[in-house]
Amino acid sequence: MAPERVKRRLAAVLVLDVVGYSRLMGSDEEGTHARVTAVLRDLVEPLIDECNGRIVKKTGDGALVEFSSVVEATHCAVSIQRAMGKRDLEGPADRRIAFRIGINLGDVIIDADEIYGDGVNIAVRLEALAAPGDICVSQIVADQVGDKLGFDFVDLGEHELKNIAHPQRVFCVKLSENGRAAPALPRRTIPGFKDRPAIAVLPFTNMSDDHDQEYFADGLTEDIITALASWRSFPVIARDSVFTYKGRNVDLRTVGRELGAHYVLEGSVRRQGTRVRVSAQMIEAETNHHIFADHYDREVSDVFAVQDEIETSIVGAIEPELLRAESDRAVNAPQSFSAYDFLQRGLWHHYRYTADDNERAQEFFRKSLAIEPNYLQATAALAVTLLHRVMHGWQVDDGTLKAEASLLARRAVSLDQRSPQAHYALGLSYMHTTEIRAAIREMQEVIRIHPSDAPARANLGNLYNYVNQPERALQSVLMAMHLSPSDSRQFTWIPPLAGSYYLAGRYDEAIETGLHGYAMKPDYVAPLRYVIAALGQLGRHAEAEELLPVLRRSDGDLAGVQAYLRRYYVDETALNLILDGLKKAGL
C-alpha cells in the first residue's frame, strides 16, 4: 500500500506573541492572564476574522495564524499594532501589554488542523527578532506587499535564523499613528549639544504597599540620571524638570515634546519584605517604540548597595541598545550632513567588524570632524577604529595608524578630561603600543568616571591577564557581560575571559569559553590561542590537532604567536605558560 502523500499548500503565516509574558505573569499571574485573554478575545481575534485569517493555534500569550493572502496578513498585523499602541497609555509602565509579530509566506505541511514546516518556522524566528510593538517580515512578504498598503519596509539585513538552513533577509515596519513607517523625530536643540537627541528619565513609580519606599524609587531615578549624564554622549534632562511629572499619568509623546527628549526611560519599584523588583523600559517618545525593557530582582540587605547595583546594571544595558537605535536611525534616515549623523553612520559600520566597514567608519568619522573639529565623540571613535584596524589584522601598520590614533586619543582627553570615551580611546592606544600599565590606569579611570562602561571593564580584563592577574581579569570581564549581556562587541570579550581561566589553571573552562567565542565569530581566532593551549595542557592532542590549522593560517608557527603575545604580555610567567600549552598541543 502506497504511503499517504503529505498535504502541502502555500500560506501566509503570522505569529504573534506577548513581550515579557513570563515577567508579567511573575508580578501578577491572575491579572495578566485576564488582561491578555481579554486583548486576544476583544481586539486581536476580531481583526484576524476581519482580514480572513484562520487561527491555527493559540499559545496562551499569542497565536499562530494562517492567511491565504500575504497582503491581508500584513494588513492584519498593522491593524493589531496600531490598536495596541492606543491601549493602556495611562497604565503602569511595567504592566503594559505589547506584541511582537512575525510574518512569512511559504510552503506549509497540513496535518489535521495544524501546519508545520519552514514556512512556519521562519515566521516564528521573525517574531523573536521583532522589537516590542514591531512587525518583522521575510523578504518575500516585503516584495509581495510592496506599496499596496501605503507603508514602507525597513531593510534590517540578513540574519542567521535558528534551525533555518540559509540566511534570511529581514524587513520591519515601524508604525506611527497613521500606519506609515515612522518618520525620524525632528531634532530639538539642547544648549551645548546641537542636534544630539536628549534622554529624559521619569521618576520611577513606587508600587510597594509601603509608601516609605518612595525614597528608594526617587534615589534610583537620581542615580540613573547622574550615571547617564556621566556617559556624556547624549544630553540628559535635569532632575528638577523630570520630577515635575512625578505621580502623574502622562503620554510619553507629550513628555518628549515638552522636555525636548527623543528617548524616555521609565520604570517602577516594587518591594516586598527583603526582596525588591525594579522594572525599566526606554522608549522612543515620538513613535512609542521600545528600545529596551527588563526587570531586576534583588535581595535587599544593604539598600544603597542594591540601589547602586541596579542603577549600574540598567545604564550598562541601555547604552548599547541606545547606540544601536541611533546608528540604525542614521543609516535608514534621509541623507543628513550633520556631524552627529556622520558619527552615528560611522558607528553603525564600526560595530559590523569587517575590514570594509572599518574603512567606511573612518570615512564617516572624518566627515564628522570636518564639520565639527572639536567633536570629542568623533575624535575618540576615529582613534578606536584605527586601532581596531591594526588589532584585527585588516592592515599592516608601519606605525602610522597607531601614531595617529594616539594623537587623536590624547586630543580627545584634552577636549574633556571627564569623558569616558576619551580615556577609553587613550587606554586602547596605550594597550596597542605596549604601555600596558598606563593602559590599566586609563581603563580604571574610565570605570571611575562611568562604572557602567562594559567595554572598558572587558578590556581591563585583558590588561590584567597581561600582568598575570587572572582572578581580577575574570571578575572584570564577567562584570562587563553582566552589564551588557546582548552587546554586539561580546565576541571581543571572550578571549580575555578564556585567557583568565587558562592562566588560573581552569583549563576545561578556558576550552568551553574559547570555543563559544570562536563559534560567535569564526574569523576571529584570538580565543583559539587559549583553547589550543588548554587542550595541550590536558593532553587532548587529537582535539588540538583539528584546530591548529586555523591558528597557523592566522599566526603562523609558534614564533609568530610568541611575537604577537610578547607585544602585550609584560609578565614572562604568564607568557611562558601560554607558550608551554601551545607547544604541548603541537604548534
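The values are calculated or read from the model by the stated rules, or taken from the named source; none is laboratory data. Predicted, not measured: the structure shown is a model, and the values here were computed from it. Here the Cβ positions follow ideal geometry from the backbone for every residue, glycine too, while neighbour counts run over all protein chains shown. All accessible areas refer to the heavy atoms of the entire protein, side chains included, with ligands and DNA or RNA removed. Shrake-Rupley method; radii C 1.70, N 1.55, O 1.52, S 1.80 Å.
For segment 268-278, which residues satisfy the criterion of being out of contact with any Pro (no Cβ under 9 Å at 6 or more places or on another chain) and in contact (Cβ under 8 Å) with a residue 24 or more places away in the chain?
Of everything in segment 268-278, those that are out of contact with any Pro (no Cβ under 9 Å at 6 or more places or on another chain) and in contact (Cβ under 8 Å) with a residue 24 or more places away in the chain turn out to be VAL269, ARG270, ARG271, GLN272, THR274, ARG275, VAL276, ARG277, VAL278.
Of everything in segment 227-260, what is surrounded by 21 or more Cβ atoms within 10 Å (Cβ to Cβ), within 19 Å of the chain's Cα centre (by Cα) and part of a helix (DSSP H, G or I)? Give them in sequence order.
Scanning segment 227-260 gives ALA227, LEU228.
What number of residues in segment 557-587 are over 20 Å from GLY517 (Cα atoms), open to solvent by less than 50 Å² (accessible area, probe 1.4 Å) and part of a helix (DSSP H, G or I)?
Count: 5.
Considering segment 152-171 alone, what residues qualify as being within 22 Å of SER79 (Cβ to Cβ) and buried (at least 20 other Cβ atoms within 10 Å of the Cβ)?
The answer is PHE153, VAL170, PHE171.
Rundown of residues vs (1) among the hydrophobic types (A, V, I, L, M, F, W, C); (2) buried (at least 19 other Cβ atoms within 10 Å of the Cβ); (3) more than 21 Å from PRO320 (Cβ to Cβ), yes/no style:
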position	(1), (2), (3)
LEU343	yes, yes, no
ASP356	no, no, yes
GLU359	no, no, yes
PHE365	yes, yes, no
ILE371	yes, no, yes
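Give the residue, chosen from ALA510, ALA458, ALA438, that is under 20 Å from ASN576 (Cα atoms), of a type in the set (A, V, I, L, M) and without any contact (Cβ under 8 Å) to a residue 40 or more places away in the chain.
Exactly one residue qualifies, and that residue is ALA510.
Which number in (1) in contact with a helix residue (DSSP H, G or I) (Cβ under 6 Å, 6 or more places away or on another chain); (2) open to solvent by less than 60 Å² (accessible area, probe 1.4 Å) marks the one condition that ASN52 misses?
The failed condition is (2).
What tally of residues in segment 104-136 results from selecting those that are within 19 Å of ASN163 (Cβ to Cβ), among the β-branched types (Val, Ile, Thr) and either within 22 Å of the chain's Cα centre (by Cα) or buried (at least 16 other Cβ atoms within 10 Å of the Cβ) (or both)?
So the count comes out to 5.
Do we find a residue being among the small types (Gly, Ala, Ser), surrounded by fewer than 21 Cβ atoms within 10 Å (Cβ to Cβ) and in contact with a Phe, Trp or Tyr (Cβ under 7 Å, 6 or more places away or on another chain) anywhere in segment 438-445?
Checked against the condition, which is being among the small types (Gly, Ala, Ser), surrounded by fewer than 21 Cβ atoms within 10 Å (Cβ to Cβ) and in contact with a Phe, Trp or Tyr (Cβ under 7 Å, 6 or more places away or on another chain), segment 438-445 yields at least one hit.
Can you name the residue in segment 137-148 that is open to solvent by less than 50 Å² (accessible area, probe 1.4 Å) and not in a strand (DSSP E or B) and, of all such residues, is farthest from VAL18 (Cα to Cα)?
Only one residue tops the list, namely GLY146.
Name the residue that is modelled with the highest pLDDT, counting only residues in segment 397-420 that are closer than 13 Å to GLU445 by Cα and open to solvent by 40 Å² or more (accessible area, probe 1.4 Å).
GLN417
Which of (1) without any contact (Cβ under 8 Å) to a residue 60 or more places away in the chain; (2) more than 30 Å from GLY556 (Cβ to Cβ) does ALA355 not meet, given it meets every other one?
Exception for ALA355: condition (2).
Could you grab the pairs with beta carbons closer than 6 Å, sequence gap of 6+ or different chains, first residue in segment 393-412 and closer than 17 Å to ASN374 by Cβ, second one of a type in the set (Val, Ile, Thr)?
Correct list of pairs: LEU408/THR379; ARG411/THR379; ALA412/THR379.
Starting from residues that are under 18 Å from PRO132 (Cβ atoms), assigned to a strand (DSSP E or B) and among the charged types (D, E, K, R), keep the ones in segment 268-327 and report whichever is least open to solvent (accessible area, probe 1.4 Å).
GLU284
Failed condition for THR254, given (1) β-branched (Val, Ile, Thr); (2) in contact with a Ser or Thr (Cβ under 7 Å, 6 or more places away or on another chain); (3) free of Cβ contacts under 8 Å to residues at least 24 places away in the same chain, with all others met?
(2)
Suppose we filter segment 478-507 for residues that are open to solvent by less than 10 Å² (accessible area, probe 1.4 Å), without any contact (Cβ under 8 Å) to a residue 60 or more places away in the chain and of a type in the set (Ser, Thr, Tyr); how many remain?
Matching residues across segment 478-507 total 1.
Could you say whether any residue in segment 240-253 is in contact with a Leu (Cβ under 7 Å, 6 or more places away or on another chain) and closer than 30 Å to ALA380 by Cβ?
For segment 240-253, residues in contact with a Leu (Cβ under 7 Å, 6 or more places away or on another chain) and closer than 30 Å to ALA380 by Cβ: present.
Give the residue that is modelled with the lowest pLDDT, with candidates limited to residues of segment 173-204 that are in a strand (DSSP E or B) and crowded, with 20+ Cβ neighbours inside 10 Å.
By that ranking, first place goes to LEU175.
Any chance segment 81-100 includes a residue that's touching an Asp or Glu at 6+ places or on another chain (Cβ under 7 Å), in a strand (DSSP E or B) and under 26 Å from TYR296 (Cβ atoms)?
yes
Yes or no: LEU428 over 19 Å from THR312 (Cα atoms) and surrounded by 24 or more Cβ atoms within 10 Å (Cβ to Cβ)? Steps first, please.
Numbers: over 19 Å from THR312 (Cα atoms): yes; surrounded by 24 or more Cβ atoms within 10 Å (Cβ to Cβ): yes.
Taking the combined requirement at face value, the residue satisfies it.
Determine, yes or no, whether TYR263 is surrounded by 22 or more Cβ atoms within 10 Å (Cβ to Cβ), at pLDDT 85 or above, touching a helix residue (DSSP H, G or I) at 6+ places or on another chain (Cβ under 8 Å) and aromatic (Phe, Trp, Tyr).
yes
Taking the stated definitions as given, is TYR518 of a type in the set (Ser, Thr, Tyr), part of a helix (DSSP H, G or I) and more than 25 Å from ARG437 (Cβ to Cβ)?
Spelling it out, TYR518 is indeed of a type in the set (Ser, Thr, Tyr), part of a helix (DSSP H, G or I) and more than 25 Å from ARG437 (Cβ to Cβ).
State all residues of segment 374-396 that are open to solvent by 10 Å² or more (accessible area, probe 1.4 Å), closer than 30 Å to VAL525 by Cβ and hydrophobic (A, V, I, L, M, F, W, C); if no residue qualifies, say none.
Hits for segment 374-396 are ALA381, VAL384, VAL390, MET391, TRP394, VAL396.
When segment 532-556 is examined, which residues are found to be open to solvent by less than 50 Å² (accessible area, probe 1.4 Å) and either at negative phi or under 33 Å from the mean Cα position of the chain (by Cα) (or both)?
ILE532, ALA533, ALA534, LEU535, GLY536, GLN537, ALA544, LEU547, LEU548, VAL550, LEU551, ASP555
Please enumerate the residues belonging to segment 441-455 that are aliphatic (A, V, I, L, M) and in contact (Cβ under 8 Å) with a residue 60 or more places away in the chain. Steps first, please.
First pass over segment 441-455, keeping only residues aliphatic (A, V, I, L, M): 443, 446-447, 449, 454.
Of everything in segment 441-455, those that are aliphatic (A, V, I, L, M) and in contact (Cβ under 8 Å) with a residue 60 or more places away in the chain turn out to be ILE449, ALA454.
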